[in-house]
Structure formats: C-alpha cells, structure tokens
Amino acid sequence: MDYRLPATVVPKRYDVRLEPDLASATFAGEAVITVEVETTVTEIVCNAAELAIQSAALTRDSTVPIHGSITLDEANERARFVFPAAIAPGEWKLTLRFTGTLNDRLHGFYRSTYKDAAGVSHTIAATQFEATDARRGFPCWDEPAFKAVFGVTLVVPEHLAAVSNCAVAREEALGDGRRAVHFADTIRMSTYLVAFVVGELEATDPVMVGSTPLRVWSVPGKKHLGRFALAAGAFSLAFFERYYGLPYPGDKVDLLAIPDFAAGAMENLGAITFRENALLVNEAAAAHAELERIADVVAHEVAHMWFGDLVTMSWWNGIWLNEAFATFMELMAVDAWKSEWRRWTTFGVSRSAAMHVDALEATRPIEFEVGNPQDCRAMFDLLTYEKGASVLRMLEQHLGPDVFREGVRLYLERHRYANAETTDLWKALGDASHQPIPAIMDGWIFKPGYPVVTVDLDGTGLKLSQRRFQYLAGDTDSGQRWRIPIVLRAAVKRGYVERRLLLDGDEATVALPTKADWIVVNSGGHGFYRVRYAPSLLKKLAGAVAKIAPIERFNLLSDAFALVQAGLMPAVDHLDLTARFTAETDRNVWTTLNTSLAYVNRLIGDELRGGLAALVRHRLGEKVSLLGWEVQEGESELDRQLRGDLLRTIGTLGDDAEIQARAREVYARYREDEGSVEANVLPAVIAIVAAAGGEPEYTEFRERFKSARTPQEEQRYLYALAGFRSPELLSRTLEMTLNGEIRSQDAPYVIRSLLGSVYGRGLAWHFVKQNWQAMARQYPESAYTRMFEGIAGLVGAEWERDARAFFTDNKIDLGGRTLAQYLEQLRVAVAFQEREAEPLAAYLSRQKSR
Ligand SMILES: [Zn+2]
C-alpha cells in the first residue's frame with residue numbers, strides 16, 4: 001500500500017470552522033479547501049480518520065456546486081470524493097461538512113479533563129496532530145509537503161477561551177450563548193502544526209519580545225506557575241531571532257499547559273502545547289533538574305518555530321533533522337541563558353543514552369525510509385533526538401560555530417515557507433564552510449551505529465584504530481568505518497599538546513613531541529564514539545582524573561561501563577575504576593556512576609544486594625558527608641542538585657540506615673514547615689522515605705499525589721508510589737495505572753519505572769501480561785510503546801524467555817525496530833549477568849564484609 005496521497009489535486013488554503021461540544025465530547029465542522037487541480041480528474045482523495053463526512057461539494061467562481069459521493073477508507077485513513085463530471089485543471093473550492101468525536105486517546109482533536117480545587121470536573125478540547133492525526137480533526141492533505149494557509153474559526157460557548165495558531169482577528173456573538181472566534185491567517189505551513197484549544201483556561205499577561213506577544217496558558221488557579229516558562233520563552237525567542245537572523249514567523253506565541261498530554265510538548269506554530277510538568281512550576285520550590293527540564297522543553301519548541309515550522313521536512317524520514325536540530329538549538333539557547341548550568345556537560349548523559357541504543361544490532365540509521373504511520377511514530381526516539389543532536393554538535397565543533405550558523409541561516413533563507421531534505425542542509429553548510437559535508441556526515445546519518453576508537457602506544461606517539469562498537473559483537477569487526485573528527489590532548493612536561501585529525505580509515509598514527517604523562521582522546525567530549533584505551537594508558541588517565549574536564553571524566557566512566565556491557569572489560573575493573581571518583585564534584589559524572597551501579601543491581605541475586613549497597617555507601621559516602629544536608633555558602637545550583645542526587649542514591653540503592661532515619665526526620669519537619677527543606681533535597685527525601693517506608697507513608701504519599709499543588713509535586717509523589725518495596729503496596733500502585741487514578745499520560749511510565757525496580761519488576765511484569773490489552777486501549781500509543789522499554793529490567797534467563805514468548809504469542813509490534821531494541825537490551829543485560837556472575841559475586845561479597 002502506498003501511503004502517499006496523489007498530487008493531482010493540492011490544497012492551497014483551508015478555511016476551517018469547528019464547533020466543539022465539550023459536554024457531549026463531539027464536534028461539528030466545515031472545511032472550505034481551496035485546491036489547485038493539476039490535471040483533469042473525476043475524484044479527489046485526501047486523509048480523514050474517525051470522521052463522518054456528510055457532504056462534499058466543488059465550486060469554481062460562481063458556478064453551481066458539483067456534489068461528490070463520499071467513501072471513507074478507515075483502514076488507510078482516507079476519504080475519496082467521486083464527482084459525476086470531469087473536473088478541469090485550475091483553482092476550485094472543496095466544501096466538506098463533517099462531524100467527529102473528541103477522543104480520549106490524546107491524539108487528533110481530543111478531550112482532556114481535570115478536577116478543580118473543589119473537586120469539580122472540567123473538560124478541555126485540545127489537539128495533537130503530529131505526526132499523522134490532523135486527519136482526525138478535519139479532512140486534509142495530511143502530509144508535511146502539502147503546505148497551505150489556514151484560516152481557523154472556533155465556535156465556542158461565551159465563557160470558554162479559544163486558542164489557535166494565530167492571534168484573534170475578530171469575534172462575533174452568535175446570540176445563542178456562543179461566539180465565533182475568527183483567527184488571523186497562518187503562514188503557509190503543514191497540517192501537523194495546526195492547533196485548537198478550547199476550555200476554561202487563563203493566560204498570563206503578555207510579555208513583548210520585540211513585536212511578538214508571549215503568554216502562558218493554564219487551567220484556572222495555576223497562572224502563577226507560568227512565570228519561569230515565560231522567562232525561558234522570552235529569552236529563547238529573542239535568542240533564536242538573533243541566531244537564525246530571521247524574525248519569528250508568526251504573530252504571537254502562546255504556551256499552553258494541557259492536563260492530559262501524550263508527549264512532552266508540541267511545536268504548533270504560535271500555539272505550543274505542553275504537558276503541565278514541562279511548563280508550569282513554582283520556581284522557588286523546584287529542584288534544579290525540574291527547572292532545567294522546563295527551560296529545555298520551552299527552548300526546544302521555540303527553536304522549532306523556524307526549524308520545523310517555517311522550513312519543514314518533505315517527508316517523515318526527515319523528522320530527525322527537525323528534532324535533532326531543535327534539540328541541539330535547545331541546548332545552545334539554555335546554555336546561553338544559564339551558563340552556570342553547564343548544559344553541554346549535562347548533555348553527556350543524553351548522548352550516552354543514545355549510544356546505548358545505537359550499540360545494538362537492532363539500531364537503525366538516524367535517517368531511514370519511512371513508509372507507514374507506525375514506523376513514523378518509531379522515529380521519535382533517542383536516535384532521532386539525542387544521536388541527531390550529538391552529531392550536529394560534533395559537526396558544529398568541527399566547522400566552528402560561526403561557519404555552522406552561517407550555513408543554518410542560508411538553509412532557512414533558501415527554504416522558508418517550503419520543505420527541505422537533509423541534503424539541502426548539507427548543501428547550505430557546504431556553501432558556508434567550503435568543506436565536503438556529505439562525505440563527513442553521511443556515515444553518521446545514513447548508516448547505523450558508531451565506532452569505538454582503540455588507543456595504543458606507538459613509540460612515543462599513538463596508534464588510533466576504529467571499528468563499529470556493538471554490545472553483542474564481541475571482538476569481531478563489521479568492517480564499517482566512519483570519518484571521525486578526533487580531538488586529543490596529551491599532558492607533557494610543559495603543559496598540554498592538542499592534536500586534531502579526521503580519522504577516516506582503519507587507523508592512524510599520531511606523533512607526540514615527548515612521552516606523555518597521560519592522554520585523553522575525545523578531548524572536550526563532543527565526539528560520538530567510545531574510546532578504548534590500552535591498559536597502561538587507562539591506568540595513567542585514571543590516576544589523573546582530577547586534571548581532566550568533567551565531560552571527559554564522564555566519558556571515561558561511561559565508555560568503561562559500555563565496554564563492560566560489551567564484554568571487552570571485566571565488570572570488576574569498572575567497579576575498581578569508580579573508586580577513583582569518591583571526591584568527584586560534577587553531577588553528571590555521578591549520574592553515570594550511579595546509573596551503572598543501579599544496572600549491576602538489576603543483574604545480581606538478592607544475596608548480593610547487601611554487598612552492592614555497601615559498595616554504593618563506600619563510593620558516595622565521602623561526598624555525601626562533605627555536602628551535608630544543608631545548603632552551604634557559595635554553592636551553585638548544580639551543587640544543590642548533586643546533594644539531592646547523592647542523598648537519593650545512598651538512601652535507596654545504598655540502603656544507608658542513617659540516611660534513611662535522617663530522611664524521615666527531615667520529612668517530619670517538612671510536614672510542619674515546608675520552607676525548612678531545600679528544594680533539591682525534598683525530592684530525594686520523598687524517594688528515600690518511600691524506599692524505606694510502609695503502609696502509613698504509602699497512604700500519605702498517595703493522598704499528597706492526589707492533592708498536589710504543582711505538577712512537580714504530583715510527579716514526585718507519583719513516582720514515589722513506585723519506589724516502595726512491599727509487594728502489597730506496589731500492587732496497589734499497579735492497580736492505579738488502570739483504574740483512572742493515574743492519568744493515562746503517566747501510567748505507562750510508572751509501569752516502566754516498576755519494571756526497573758528489583759522489588760517491583762516481577763509483579764509489574766505479571767500485571768502487564770494480564771492487562772496489556774486494556775493498556776493498549778487506554779494509553780496513548782507513544783507512551784504505551786515506551787512502557788515496554790522497562791522489560792530491559794527483567795534480567796534473568798527465565799524472564800527473558802518469557803518476555804520473548806509474550807511478544808511473539810500476542811503478535812505485538814511497536815513500530816520500526818523498537819521491540820527488537822528492547823529485547824536486545826534485555827539480551828545484553830542477561831549476557832552480562834551470565835558472563836560476570838562469578839567474579840561479581842566474589843567482589844561484592846568482599847564489600848559486605850569490610
Ligand atoms: Zn521537537
């Protein structure tokens with residue numbers, strides 16, 4: 001089946017009038033679509049899904065309407081209109097009348113509900129059209145290349161707010177308690193960027209960014225939580241106008257928090273929608289990580305207004321460019337806004353997460369052929385966002401930031417209001433840099449995987465060699481090669497020597513002037529590759545960790561653990577290496593260390609958990625006592641977040657009884673006086689109290705989850721409900737994922753979290769097997785898919801067999817190679833377990849006794 005629409009008739013303009021009825025969760029609509037008929041036709045085909053179309057009529061100038069017969073093809077999400085006479089080429093108006101349902105699946109034109117402080121339920125109608133769900137809102141040519149102008153009218157009850165992509169042009173009272181809100185015309189844009197939001201919403205006062213008003217919208221009573229996002233939005237908007245050298249392409253920017261929202265946010269031009277915790281926050285009571293997330297998401301969506309909305313990929317295979325670029329620009333903007341956050345260092349965590357997936361046999365190239373809508377959904381993953389952003393950063397560093405920006409400007413200038421391909425960006429960057437961009441980039445974009453660079457001594461110099469890095473390939477060489485921009489730094493007698501090279505063959509030698517004390521490859525940390533040092537080089541570098549940059553320390557630990565997962569380094573060597581980091585000051589380095597220990601915890605038997613906990617206490621203890629529980633003078637925001645991170649890990653994974661007792665005390669104090677606990681410590685305290693808690697704590701947290709005053713508070717208590725250890729309590733949490741107590745936007749993630757818990761995974765897996773059909777019906781498709789990511793936590797040969805059988809027996813396909821990736825991640829963990837069981841047991845038993 002060809003999913004692409006014929007281009008014999010193309011839309012130029014839509015005048016869409018929609019009348020949503022929130023009480024009955026239905027809507028009626030009319031679309032007058034100005035089309036250009038390219039060749040004589042007797043039928044017109046466009047997309048429609050879950051719509052009833054009552055009439056289709058074609059007119060030209062003032063001729064009598066030609067009525068067409070209507071056939072809906074639900075399987076292929078198409079509407080076909082056949083006309084009794086041949087339609088001559090030229091401009092026509094196609095008028096369609098239709099009705100639809102505001103669904104509960106969080107896509108298309110859907111219904112979101114919330115309860116106000118008095119417990120009264122309210123409904124909002126909102127849209128989520130990307131990738132292929134505009135067709136659920138109105139019949140349309142639902143492919144990104146069919147750009148058109150949209151003139152939207154929403155007919156709504158007098159007391160409800162109505163928001164769409166552009167500013168309100170005029171309003172008219174209809175005399176029946178409703179009003180028609182007419183919005184100004186949009187720029188020429190793709191259907192997936194159209195948005196409608198209707199409900200009892202309130203907005204902040206606008207902030208003017210140049211001539212563009214910017215507002216934050218929320219349900220009543222939460223307006224005050226929009227201030228931080230407003231500041232982040234205003235900064236980003238101004239930042240991108242400067243960076244891109246082009247004015248904002250719309251006439252206003254509204255940032256809207258929607259209580260039920262499947263993704264994080266959606267870049268509808270001028271009407272950007274968010275889940276509440278990605279937009280609303282009480283800055284004074286929020287942890288650094290929570291603020292960072294909001295700044296990231298807001299900057300990301302605003303970056304899309306140009307890259308994605310003004311210039312759009314021609315087809316979904318190009319979605320990586322949209323998302324990778326917006327991710328890259330998000331980091332750039334946040335780094336410019338809050339340089340003290342050191343956002344590029346933190347990006348190391350995301351980069352290594354992408355490398356984790358990309359080291360699988362079941363990975364895919366960043367860009368690949370996308371046929372059907374399900375494969376298109378599978379594009380929204382770590383490889384698109386994080387690997388994509390990583391390789392763009394690598395290229396930017398290779399070309400130099402100014403040259404790179406020049407290329408981006410050329411690209412936007414050339415393709416604005418239109419569509420473009422990856423090759424168009426390479427062309428623009430090539431024109432700006434006079435370098436052969438495709439030759440450097442194609443291996444990173446169109447081929448799967450990435451290399452490991454092996455570093456050996458070669459006289460006083462070095463020998464570098466490359467091959468593809470894959471967890472399950474052992475020491476075999478796939479023969480695949482990349483053009484790798486390598487930066488390395490060697491410590492010599494009088495300071496440092498830096499070397500830059502493009503490694504494009506099997507190997508290269510690098511001459512160094514004198515014998516180096518230590519050498520760091522991937523200096524600066526921007527390269528998308530792993531480094532495997534010869535043992536003597538690793539030993540020297542491990543002894544010099546205090547002298548290298550945080551991102552380099554991060555990569556050292558992260559690469560070492562990846563080598564362990566691939567069976568290229570013994571696990572105990574990695575555990576020994578972590579002992580070099582007890583005085584570590586950088587939060588991201590700690591994140592990779594803690595994550596690797598949590599991974600090991602999932603593959604050891606219960607009898608070794610005490611040993612691992614002792615090791616965690618040993619590695620973290622020194623830093624935890626240094627940081628203490630209270631804010632110290634001169635501390636940065638990152639230090640505070642680090643305190644929270646370390647307390648959480650030592651109190652949960654480290655099972656530190658003293659820390660747990662203290663956390664209970666702190667929580668009791670918090671109950672009396674909320675201001676008494678620092679914002680970064682509180683989330684850790686909640687997590688620790690849950691891990692060490694029982695029935696009374698569970699009951700309290702569940703209550704607090706339901707009555708939370710901010711989205712962040714709600715999330716903390718929600719995930720704490722998955723952090724208890726008693727099977728009885730965890731069963732209750734599982735029940736809440738299906739009985740409506742936990743929103744369907746969150747429930748799949750709670751289950752994923754439980755699958756990753758050594759206390760909850762058995763229960764959670766059983767629950768998933770029993771209830772997956774109900775989940776498939778209730779959860780938004782994208783989140784339902786993500787839930788299964790959790791199966792990588794089922795580390796055991798028996799579980800692995802069971803998981804494989806489950807997916808085969810039930811014929812579950814998650815789109816693209818997603819399921820194969822999840823199963824292979826599980827295979828990697830089980831292979832690790834089998835390979836390392838004995839040495840790990842010996843090593844961890846010694847920890848216990850010391
Ligand atoms: Zn995006």
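The values are calculated or read from the model by the stated rules, or taken from the named source; none is laboratory data. Keep in mind it's a predicted model, so treat the numbers as computed, not measured. Note that each Cβ is placed from the backbone with ideal geometry, even for glycine, and that neighbours are counted across all protein chains shown. What goes into the accessible areas is simple: the full protein's heavy atoms, side chains included, and nothing from ligands, DNA or RNA. Shrake-Rupley method; radii C 1.70, N 1.55, O 1.52, S 1.80 Å.
Some points to look at:
- Among the residues making up the range 757-786, those that are touching a residue at least 40 places away in the same chain (Cβ under 8 Å) and under 19 Å from the mean Cα position of the chain (by Cα) are P780, E781, S782, A783, T785.
- For Q435, the stated conditions hold: it is more than 16 Å from the ligand (Cβ to nearest atom) and free of Cβ contacts under 8 Å to residues at least 60 places away in the same chain.
- Here V297 qualifies as part of a helix (DSSP H, G or I), touching a helix residue (DSSP H, G or I) at 6+ places or on another chain (Cβ under 6 Å) and open to solvent by 10 Å² or more (accessible area, probe 1.4 Å).
- Cβ-Cβ contacts under 9 Å between residues 6 or more apart (or on different chains), taken from a first residue in the range 301-313 that is within 12 Å of T422 (Cα to Cα) to a second residue that is hydrophobic (A, V, I, L, M, F, W, C) and in a loop (DSSP other than H, G, I, E, B), are listed as T312/A145; M313/A145.
- Among the residues of the range 439-478, just one is in a loop (DSSP other than H, G, I, E, B), among the acidic types (D, E) and closer than 22 Å to N555 by Cα, namely D475.
- Pair list, Cβ < 6 Å and 6+ apart or interchain, from the range 88-102 residues that are of a type in the set (K, R) to residues that are exposed (fewer than 15 other Cβ atoms within 10 Å of the Cβ): K93/T59; R97/Q54; R97/S55
- Every pair of residues 6+ apart whose Cβ atoms lie under 9 Å, when the first sits in the range 523-544 and is in contact (Cβ under 8 Å) with a residue 12 or more places away in the chain and open to solvent by less than 10 Å² (accessible area, probe 1.4 Å) while the second is part of a loop (DSSP other than H, G, I, E, B) and among the β-branched types (V, I, T): L541/I548
- Residue within the range 223-237 that is more than 16 Å from the ligand (Cβ to nearest atom), over 30 Å from A354 (Cα atoms), not basic (K, R) and not in a helix (DSSP H, G or I) present: no
- Scan of the range 479-488 for residues that are touching a residue at least 24 places away in the same chain (Cβ under 8 Å) and part of a loop (DSSP other than H, G, I, E, B), ordered by number: Q480, R481, W482, R483
- Pair list, Cβ < 7 Å and 6+ apart or interchain, from the range 317-337 residues that are of a type in the set (V, I, T) to residues that are more than 13 Å from the ligand (Cβ to nearest atom): V334/A295; V334/W341; V334/R343
- Just one of (1) of a type in the set (A, V, I, L, M, F, W, C); (2) assigned to a helix (DSSP H, G or I); (3) more than 23 Å from R602 (Cβ to Cβ) fails for L734. It is (3).
- Here the condition is being touching a Gly at 6+ places or on another chain (Cβ under 7 Å) and modelled with pLDDT of 95 or more; of D185, D142, it holds for D185 alone.
- Restricting attention to the range 506-523, the residues that are out of contact with any Leu (no Cβ under 8 Å at 6 or more places or on another chain) and modelled with pLDDT under 95 add up to 6.
- Among the residues of the range 60-114, the ones that are among the basic types (K, R), farther than 22 Å from A774 by Cα and outside any strand (DSSP E or B) come to 1 in all.
- Within the range 300-346, the set of residues being open to solvent by 10 Å² or more (accessible area, probe 1.4 Å), within 11 Å of the ligand (Cβ to nearest atom) and of a type in the set (S, T, N, Q) is empty.
- Qualifying residue in the range 57-64 (condition: crowded, with 17+ Cβ neighbours inside 10 Å and under 36 Å from the mean Cα position of the chain (by Cα)): no
- Filtered by the rule that a residue be of a type in the set (D, E) and within 13 Å of the chain's Cα centre (by Cα), the range 318-374 gives E323, E330.
Each row is one residue, and each column tells you yes or no for (1) over 30 Å from E781 (Cβ atoms); (2) buried (at least 22 other Cβ atoms within 10 Å of the Cβ); (3) of a type in the set (K, R); (4) at pLDDT below 95.
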{"site": "V370", "(1), (2), (3), (4)": "no, no, no, yes"}
{"site": "F380", "(1), (2), (3), (4)": "no, no, no, yes"}
{"site": "Q397", "(1), (2), (3), (4)": "yes, no, no, yes"}
{"site": "D402", "(1), (2), (3), (4)": "yes, no, no, no"}
{"site": "K427", "(1), (2), (3), (4)": "yes, no, yes, no"}
{"site": "P438", "(1), (2), (3), (4)": "yes, no, no, yes"}
{"site": "F469", "(1), (2), (3), (4)": "yes, yes, no, no"}
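- Selection over the range 248-294 of residues that are modelled with pLDDT of 95 or more, away from the ligand (no atom under 13 Å from the Cβ), of a type in the set (D, E, K, R) and not in a helix (DSSP H, G or I) gives a count of 4.
- Reported count of residues in the range 471-486, each being closer than 23 Å to L512 by Cβ and open to solvent by less than 30 Å² (accessible area, probe 1.4 Å), is 3.
- When the range 356-379 is filtered for residues that are away from the ligand (no atom under 16 Å from the Cβ), assigned to a helix (DSSP H, G or I) and touching a helix residue (DSSP H, G or I) at 6+ places or on another chain (Cβ under 7 Å), the ones remaining, listed by number, are V357, D358.
- Close pairs (7 angstrom Cβ cut-off, 6 or more residues apart or separate chains): in contact (Cβ under 8 Å) with a residue 24 or more places away in the chain in the range 793-808, surrounded by fewer than 16 Cβ atoms within 10 Å (Cβ to Cβ) and not polar (S, T, N, Q) anywhere: F806/K769
- Index of the failed condition, L568 passing every other in (1) open to solvent by 10 Å² or more (accessible area, probe 1.4 Å); (2) in contact with an Asp or Glu (Cβ under 6 Å, 6 or more places away or on another chain); (3) among the hydrophobic types (A, V, I, L, M, F, W, C): (2)
- The helices (runs of 4 or more DSSP H) falling completely within the range 753-813 include none with 2 or more residues that are under 16 Å from G605 (Cα atoms), in contact with a Leu (Cβ under 7 Å, 6 or more places away or on another chain) and open to solvent by 50 Å² or more (accessible area, probe 1.4 Å).
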